[in-house]
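Asks: Below are the structure tokens for one structure; questions will follow.
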Amino acid sequence: MKTDIILAGVGGQGILSIAASLGAAALNENYYLKQAETHGMSQRGGAVVSHLRIADHPIYSDLIPTGQADLILSVEPMESLRYLPYLSPQGSLVTNTAGFVNISNYPDLENTFDELSKKINIIRIDADQIAKETGNPKASNMVMLGAASPFIAIHEEIIIKGIETIFKAKGEKIVEMNVEAFKAGRAFSLNKC
Amino acid sequence: MQRNLLLGVEAIGQAAIDAGISGVYAYPGTPSTEITEYIQNNRLARERNIHREWSANEKTALEAALGMSYAGKRTMACMKHVGLNVAADVFMNMAITGINGGLVVAVADDPSQHSSQNEQDSRFYGKFAMIPVFEPSNQQEAYDMTYEAFAFSEKAGLPVMMRIPTRLAHSRSGVVQKMVQTENPLKMPENLMQFMLLPVYGRKYYQNLLDKQDWLAELSEESAYNQYFEGKEKSLGIVCCGITYNYLMENYPNGNCPYPVVKIAHYPVPQKLLQKLENECDELLVVEEGYPLVEELLTDFFGKGTKVSGRLDGTLPRRGELNPDHLAKALGRELEEPLQIPDTLVGRPPSLCAGCGHQDTYEALNEVIAEVGNGRVFSDIGCYTLGALPPYNTINTCVDMGASITMAKGAADAGLSPVFAVIGDSTFTHSGITGLLDCVVEKSNVNILIVDNETVAMTGGQDSSAKGRIEKICEGVGVAPEHIRLFVPLKKNHDEIVKIIREEIAYNGVSVIIGRRECVQRIAKMKRLHKKEAAKNGQ
Ligand SMILES: Cc1ncc(C[n+]2csc(CCOP(=O)(O)OP(=O)(O)O)c2C)c(N)n1
Ligand code: SF4
């Protein structure tokens, strides 16, 4: 078993809590994990990416080789495209549709995604909206994780345990809201598949 | 066994604590910053009251670490690669004095310059100083080798360098920890002249260092971290340094690389292992992150011996971080055509945060520059360096920390007028004060803007040594008090800021103009911390 994931977004959008949840899940299951992050200038609205690799056998490289990612999980639509060369042709791209527009030349992406969906499996989800509907606008990350979860080779229950682990310190209510968000995202994807 | 998910840098921090350090000394710098931050936030480190405050710069940090080692305690200094340039004086000389308590210098290199001015390779410094260098290939090794480095340092009587690249620094994996050791007792050096480098002593100690080299080479040979992996296919022997071993093995998912491989993680290089590889194989491929240090060593000057390939002959790229794809290509593997990035994609360069005071400073400065002509703003390193990019295009230089003031001085000496230096508060106390003194001594005609956001913002909002001290420092150095001006970088103050700058250009001498407003990210960070503290105390 192995899942190689490219996590993409913009600095400050918090892709790290997605990574942390999966990390906790992997650790609980005694899986091997490597997760390479972008640090540095990330506070200031630049592109950020994390390579997350989970397997039931030792992992060598911290970086995913070109064309081998099983999944691009992006919390921002344009950012999901930046790392396409990493994606395996059999892989899936799961992206938020809510754009983070902090540049003047932000492109219209409709055609691009239409073209791309002829080649690869794409799930586009308005995670911000769904997060609002579940009553926790801040949990759009967990909606995204839920939407991507059918493509991750870790059982749903174990990912939920991972979410519980990382939000535990913030209280039961926060845990519950994040798990709800995760489930809503997952339901959305399963309906599409 | 319990595994913790740790970044490479965190593994180093944890290992140092577990090895019983009594102090960490550091100045922030990506990708090394989190080593110290990890120790600052660690419970045992707090309980033991391990020294963990930031130093003013890398030189002061390393010197303080040497002082702690003098007193018999274990200690670590951390910095980014260019930080070692600043600390190079003490670094080179402490190889000659040797150490008392175990001393580790953790240096994080930044191949591909993710957030640095260059991609210099710190292993050259290690070789230059003739001390052991450890270069772990993964997070567990980062932990284990750091843990062992302190005892090794004490055994060798020398400082040990831990060298890691960005990719290992900022990648997480499961790490198993070892037993926590007690701290060393206070213990003076046996020879009270050990740290006295008057030439009469220095010559002797340098000879001692030279005499140790063969022994250090033997220790490398025996090191469990330098390994020989047999392989049936002898047409090629591969030498992998540090993290590059993973990039090689990624191409052999079952671990069965057909070629013999020497993995190096402990320098000086293990000669016998390399000799064995050369004897067995027709050609060698050297794979290293950074400059071609080992490759140069093995490359045959007169071209009569074994062919060596790597970064120098173009088998691997000459510059930049390596990855598994580079190795695949070097080994002649065909890669499938990857998915293409659509043309619609545009860049998303970093920019100053909404509400950042640096913006207001640049708006005002630009108005004055429009009057006096551009090309005269010498600047420095920090968030404010983004003022080089649109929409501001204000600043013209960024070379090394502190160079804004001294370069402005040199240009003023040459006759350029007016000239500006734009420098951050932390950069000012890191390396700007001595340059300011030069200006004062010579009454140079410079206008120095200290953009004071009361933190080290660029590296994540650490405490700045400059906080609350800048005016006093400037006065103490000898700047005329009436030419130390203060403004608050806010839109509504635009006209006032422009006026102050104009007035100071009119003055033929040293002007220091301080724009002070706290970084908005730092404010948010402190709020988060307080909330966390409050939640903890509430429970
Ligand atoms: C010798 C050296 N040490 C550390 C760094 C990393 N670094 C870059 S900018 C910076 C500090 C910037 O702080 P400040 O001058 O206050 O500017 P700010 O980012 O807060 O605007 C640091 C530590 C470096 N580039 N060179
Ligand atoms: S982190 Fe602070 S100093 Fe840096 S751009 Fe943002 S607000 Fe400005």
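Asks: Take the conditions surrounded by fewer than 17 Cβ atoms within 10 Å (Cβ to Cβ) and more than 20 Å from B:Thr166 (Cβ to Cβ) and apply them to A:Asp70. Does it pass?
Replies: So A:Asp70 does not fit the description; no.
Asks: Got at least one residue in the range B:371-387 being of a type in the set (Ser, Thr, Tyr), within 14 Å of chain A (Cβ to nearest Cβ), within 8 Å of ligand 1 (Cβ to nearest atom) and not in a helix (DSSP H, G or I)?
Replies: No.
Asks: Among the residues of the range A:17-31, what is the count of those that are of a type outside the set (D, E, K, R) and either more than 10 Å from chain B (Cβ to nearest Cβ) or surrounded by fewer than 18 Cβ atoms within 10 Å (Cβ to Cβ) (or both)?
Replies: Summing the residues that are of a type outside the set (D, E, K, R) and either more than 10 Å from chain B (Cβ to nearest Cβ) or surrounded by fewer than 18 Cβ atoms within 10 Å (Cβ to Cβ) (or both) in the range A:17-31 gives 7.
Asks: Sort through B:Leu335, B:Leu339, B:Leu345, B:Leu352 and tell me the only one that's under 25 Å from the mean Cα position of the chain (by Cα) and either in a loop (DSSP other than H, G, I, E, B) or not assigned by TED's automatic domain parsing to the domain that holds B:Leu486 (or both).
Replies: B:Leu352
Asks: Next up: Would you point out the residue of the range B:105-161, among those that are away from chain A (no Cβ under 14 Å) and among the hydroxyl-bearing types (Ser, Thr, Tyr), that is farthest from ligand 1 (Cβ to nearest atom)?
Replies: The qualifying residue farthest from ligand 1 (Cβ to nearest atom) is B:Tyr147.
Asks: Among B:Pro165, B:Pro189, which is surrounded by 13 or more Cβ atoms within 10 Å (Cβ to Cβ) and within 14 Å of chain A (Cβ to nearest Cβ)?
Replies: B:Pro165
Asks: Condition (residue is touching a helix residue (DSSP H, G or I) at 6+ places or on another chain (Cβ under 9 Å), away from ligand 2 (no atom under 16 Å from the Cβ) and at positive phi) applied to the range B:404-427: is it met by at least one residue?
Replies: The answer is no, given that none of the residues of the range B:404-427 is touching a helix residue (DSSP H, G or I) at 6+ places or on another chain (Cβ under 9 Å), away from ligand 2 (no atom under 16 Å from the Cβ) and at positive phi.
Residue-by-condition table, conditions (1) within 14 Å of ligand 1 (Cβ to nearest atom); (2) among the charged types (D, E, K, R):
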position	(1), (2)
B:Glu47	no, yes
B:His51	no, no
B:Ser69	no, no
B:Gly72	no, no
B:Ala87	yes, no
B:Phe91	yes, no
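Asks: Continuing with this model, one more query. Is one or more of the residues making up the range B:33-45 part of a helix (DSSP H, G or I), within 16 Å of ligand 2 (Cβ to nearest atom) and closer than 23 Å to B:Ala88 by Cβ?
Replies: Yes, the conditions are met somewhere in the range B:33-45.
Asks: Could you list, in sequence order, the residues of the range B:450-487 that are more than 16 Å from ligand 1 (Cβ to nearest atom) and in a loop (DSSP other than H, G, I, E, B)?
Replies: Listed by number, the residues that qualify are B:Gly478, B:Val479, B:Ala480.
Asks: Can you confirm whether B:Val24 is in contact with a His (Cβ under 8 Å, 6 or more places away or on another chain), away from every other protein chain (no Cβ under 14 Å) and over 26 Å from B:Pro185 (Cα atoms)?
Replies: When the stated conditions are applied, B:Val24 does not pass them.
Asks: Output the residue which, of all residues in the range B:509-539 that are surrounded by 17 or more Cβ atoms within 10 Å (Cβ to Cβ) and under 20 Å from B:Gly476 (Cβ atoms), is nearest to ligand 2 (Cβ to nearest atom).
Replies: Taking the candidates together, the pick is B:Arg516.
Asks: Identify, please: which residue in the range B:348-370 is touching a residue at least 40 places away in the same chain (Cβ under 8 Å) and among the charged types (D, E, K, R) and is, among those, nearest to ligand 1 (Cβ to nearest atom)?
Replies: B:Asp360
Here's the yes/no breakdown for (1) in contact with a Phe, Trp or Tyr (Cβ under 6 Å, 6 or more places away or on another chain); (2) not polar (S, T, N, Q):
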| site | (1), (2) |
| --- | --- |
| B:Asn100 | yes, no |
| B:Val105 | no, yes |
| B:Asp110 | no, yes |
| B:Arg123 | no, yes |
| B:Lys127 | no, yes |
| B:Met130 | no, yes |
| B:Gln140 | no, no |
| B:Glu148 | no, yes |
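Asks: In the range B:365-400, what residues are within 16 Å of ligand 2 (Cβ to nearest atom) and of a type in the set (A, V, I, L, M, F, W, C)?
Replies: B:Leu365, B:Ile381, B:Cys383, B:Leu386, B:Ala388, B:Leu389, B:Ile395, B:Cys398
Asks: Here's another thing I want to ask about it. Of the conditions (1) in contact (Cβ under 8 Å) with a residue 12 or more places away in the chain; (2) more than 14 Å from chain A (Cβ to nearest Cβ); (3) away from ligand 2 (no atom under 16 Å from the Cβ), B:Leu331 fails just one. Which one is it?
Replies: Here B:Leu331 meets the rest and fails (2).
Asks: Right, next: What are the residues in the range B:286-307 that are over 25 Å from the mean Cα position of the chain (by Cα) and either of a type in the set (Asp, Glu) or more than 18 Å from B:Glu135 (Cβ to Cβ) (or both), if any?
Replies: B:Thr299, B:Asp300, B:Phe301, B:Phe302, B:Gly303, B:Lys304, B:Gly305, B:Thr306, B:Lys307
Asks: Follow-up question, since we're still on this one. Taking the conditions exactly as written (within 27 Å of the chain's Cα centre (by Cα) and more than 14 Å from chain A (Cβ to nearest Cβ)), does B:Ala265 satisfy them or not?
Replies: yes
The values are calculated or read from the model by the stated rules, or taken from the named source; none is laboratory data. Keep in mind that this is a model prediction, so the values were computed, not measured. No Cβ is skipped: glycine too gets one built from the backbone with ideal geometry, and neighbour counts run over all protein chains shown.
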